Amino acid sequence: MPAAPLPAAHLLREHLDLPEVSEIDVMRHFVRLSQMNYSIDSGFYPLGSCTMKYNPKINDRVASLFADLHPKQPQSTVQGALTLLAELEGMLAKLTGMDAVTLQPAAGAQAEFTAILMFKAYHQKRGEGAKRHRVIVPDTAHGTNPASAAMCGFQVTTVKSDAHGNIDLASLKAALGDDVVGLMLTNPNTLGLFEEEIEAVAAAVHARGGLVYMDGANFNALMGVARPGDMGVDVMQFNLHKTFSTPHGGGGPGAGPVAVRAPLAEYLPVPRLVRREAGLAWTEEAPKSVGRMRSFYGNFGVLVRAFAYIARLGAGGLSEVTRLAVLNANYVRARLRATYHLPYDTPSLHECVFSDRHLQDFGVSTLDVAKRLLDYGFYAPTIYFPLVVKGALMIEPTETETRETLDRFVEALTAIADEARTDPSLVRNAPQRTVLARLDETRAARRPILRWHRR
């Protein structure tokens, strides 16, 4: 206690209006809240393009071994940590067929921004910075791609997909010109489809002096099986918090390493890891670098988890992960295609996209299906995305879910489709069994109640 009361002018308030409760009431309150929350430890997340998969707990334990490190420790005392980072860079380069990697960006969107900054620096060095001002983005790319291009000061040109859900090559060639910075594509795209003409797409962009960026958020469908560098990709980003064993969601933490081909390596963010006589060290000596993208050297715990995941599985294990992810998605696709509308009949990779077309005659929408799934104990899939599919239901089972779980999920969606035909009001008024009924989500977003008020 202070020797004397603080002067009144120093006090923010005279009285703090907090509820008077006991410790046991506080404990029970927060435990009840935690039991209401849905988590990957308690249920299946079928979110497409998010890879909300279960992650081995051992990798969290490994990351905790480094918890006492401080980012400002002398580099001579953290050679083990620096070696881990250097080896992780090499692992990611090998998996992608690229030549150099930075681990610095904090997540996928910042990694996109980093990539487009490097595109900009590359063209400026070649004396073409003034004339190149357009970035081409397919309509099946992730939504952050055009935002990243715009943040770098570029105009965005959208290219439509063809009847098979791939980039329309003729439309792409018509959109290309000497003013194009590059192409930002997602592969597999947001329909869960592999871009079958990726090599021809990359060649067309390169022929006009542009660069090819690949969004690696869906790398769960490629790792250990196919390398973007072999497809003509110049730059790609990873989402380590999706593919490589960090719990995803809730705003972080994340990590978005960027891998590049050799001609772009000199533009990578600083600091860069270099090997000297005394060991590994960070250096800012990179005059053509786009600069520092964030504080220190990246989200280190996420990087450790990724290293542990890759090291434990090895090349064979990673390819098996990919094959299981593809198998699970196609299993769900095959079981639901007779019940829900399948807009693209092209074989899926890691995720599949349906729509609510067959349910609209009964007045039931995608949102209704998502809400009704809560009554069956499942989190909803991604809805209304990608935008190229009206009323989209995007499902990504990931490699970690068992056939039994997928069967229960499919049976729930099948039952909901039956309910839509026989008792549509039941579905439209869902959820019925949750703590709260259907909320006004628009009003909740615009007018959130963030403070406790005494009743």
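The values are calculated or read from the model by the stated rules, or taken from the named source; none is laboratory data. Small disclaimer: the values here were computed from a predicted structure and weren't measured. All Cβ positions, glycine included, derive from the backbone under ideal geometry; neighbour counts span all protein chains shown. We work out accessible area using only protein heavy atoms, side chains counted, and drop any ligands, DNA or RNA first. Shrake-Rupley method; radii C 1.70, N 1.55, O 1.52, S 1.80 Å.
Considering only segment 301-356, how many residues are out of contact with any Phe, Trp or Tyr (no Cβ under 8 Å at 6 or more places or on another chain), at pLDDT 95 or above and acidic (Asp, Glu)?
Result for segment 301-356: 2.
Could you check how many residues of segment 107-141 are under 17 Å from the mean Cα position of the chain (by Cα) and open to solvent by less than 40 Å² (accessible area, probe 1.4 Å)?
8
Need the failing condition index for residue 290 against (1) part of a helix (DSSP H, G or I); (2) open to solvent by 10 Å² or more (accessible area, probe 1.4 Å); (3) at pLDDT 95 or above; (4) not small (Gly, Ala, Ser), just the number.
(1)
Of all residues in segment 419-435, which are open to solvent by 50 Å² or more (accessible area, probe 1.4 Å), touching a helix residue (DSSP H, G or I) at 6+ places or on another chain (Cβ under 9 Å) and part of a loop (DSSP other than H, G, I, E, B)?
Across segment 419-435, the qualifying residues are 429, 432, 433, 434, 435.
For segment 374-390, state whether one or more residues are open to solvent by less than 30 Å² (accessible area, probe 1.4 Å), closer than 26 Å to residue 143 by Cβ, not hydrophobic (A, V, I, L, M, F, W, C) and not in a strand (DSSP E or B).
Yes: segment 374-390 contains one or more residues that are open to solvent by less than 30 Å² (accessible area, probe 1.4 Å), closer than 26 Å to residue 143 by Cβ, not hydrophobic (A, V, I, L, M, F, W, C) and not in a strand (DSSP E or B).
So which residues in segment 33-55 are among the hydroxyl-bearing types (Ser, Thr, Tyr) and in contact with a Ser or Thr (Cβ under 7 Å, 6 or more places away or on another chain)?
49, 51, 54
Considering only residues that are part of a strand (DSSP E or B) and out of contact with any Asp or Glu (no Cβ under 9 Å at 6 or more places or on another chain), which ones fall in segment 107-145?
Answer for segment 107-145, where residues must be part of a strand (DSSP E or B) and out of contact with any Asp or Glu (no Cβ under 9 Å at 6 or more places or on another chain): 135, 136, 137.
Within segment 271-283, identify whether any single residue is of a type in the set (Val, Ile, Thr) and free of Cβ contacts under 8 Å to residues at least 12 places away in the same chain, and answer yes or no.
Yes: one or more hits.
Given the condition assigned to a loop (DSSP other than H, G, I, E, B), of a type outside the set (Lys, Arg) and within 29 Å of residue 108 (Cβ to Cβ), answer yes or no: does some residue in segment 18-37 qualify?
yes
Taking segment 85-101, which residues are in a helix (DSSP H, G or I), out of contact with any strand residue (DSSP E or B) (no Cβ under 6 Å at 6 or more places or on another chain) and either open to solvent by 20 Å² or more (accessible area, probe 1.4 Å) or under 19 Å from residue 206 (Cα atoms) (or both)?
Listed by number, the residues that qualify are 87, 90, 91, 94, 95.
Are there any pairs, at least 6 apart or on different chains, whose C-beta atoms fall under 6 Å, with the first in segment 303-318 and open to solvent by 20 Å² or more (accessible area, probe 1.4 Å) and the second part of a helix (DSSP H, G or I), and if so, which?
Hits for this filter: 305/59; 305/63; 307/84; 307/88.
Out of (1) assigned to a loop (DSSP other than H, G, I, E, B); (2) open to solvent by 10 Å² or more (accessible area, probe 1.4 Å); (3) of a type outside the set (Asp, Glu), the odd one out for residue 104 is which?
(2)
Please enumerate the residues belonging to segment 356-390 that are under 16 Å from residue 341 (Cβ atoms) and of a type in the set (Lys, Arg).
Of everything in segment 356-390, those that are under 16 Å from residue 341 (Cβ atoms) and of a type in the set (Lys, Arg) turn out to be 357, 390.
Can you name every residue in segment 12-25 that is modelled with pLDDT of 80 or more, over 17 Å from residue 453 (Cα atoms) and surrounded by fewer than 10 Cβ atoms within 10 Å (Cβ to Cβ)?
Correct list: 12, 22, 23, 24.
What are the pairs, 6+ residues apart or on separate chains, where a residue within segment 36-65 that is in contact (Cβ under 8 Å) with a residue 60 or more places away in the chain has its Cβ under 6 Å from a residue that is assigned to a loop (DSSP other than H, G, I, E, B) and surrounded by fewer than 17 Cβ atoms within 10 Å (Cβ to Cβ)?
Pairs that qualify, where the first residue is in contact (Cβ under 8 Å) with a residue 60 or more places away in the chain and the partner is assigned to a loop (DSSP other than H, G, I, E, B) and surrounded by fewer than 17 Cβ atoms within 10 Å (Cβ to Cβ), are 36/435; 40/54.
If you check 184, 236, which single one turns out to be crowded, with 24+ Cβ neighbours inside 10 Å, within 22 Å of residue 392 (Cβ to Cβ), at pLDDT 95 or above and under 22 Å from the mean Cα position of the chain (by Cα)?
184
Kindly list the number of the only condition in (1) in contact with a helix residue (DSSP H, G or I) (Cβ under 9 Å, 6 or more places away or on another chain); (2) touching a residue at least 60 places away in the same chain (Cβ under 8 Å); (3) of a type in the set (A, V, I, L, M) that fails for residue 265.
(1)
Okay, residues lined up against (1) touching a residue at least 40 places away in the same chain (Cβ under 8 Å); (2) in a loop (DSSP other than H, G, I, E, B); (3) in contact with a Pro (Cβ under 7 Å, 6 or more places away or on another chain):
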site	(1), (2), (3)
147	no, no, no
150	no, no, no
156	no, no, yes
165	yes, yes, no
171	no, no, no
174	no, no, no
182	yes, no, no
190	yes, yes, yes
199	no, no, no
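I'm trying to understand the selection: among the residues of segment 322-343, which are closer than 20 Å to residue 186 by Cα and either assigned to a helix (DSSP H, G or I) or open to solvent by less than 40 Å² (accessible area, probe 1.4 Å) (or both)?
322, 323, 325, 326, 329, 330
So, residue 367, is that one touching a residue at least 12 places away in the same chain (Cβ under 8 Å), within 24 Å of residue 52 (Cα to Cα) and either assigned to a loop (DSSP other than H, G, I, E, B) or open to solvent by 80 Å² or more (accessible area, probe 1.4 Å) (or both) or not?
Taking the combined requirement at face value, the residue does not satisfy it.
Which ones in segment 346-364 are charged (D, E, K, R) and touching a residue at least 60 places away in the same chain (Cβ under 8 Å)?
Matches in segment 346-364: 351 only.
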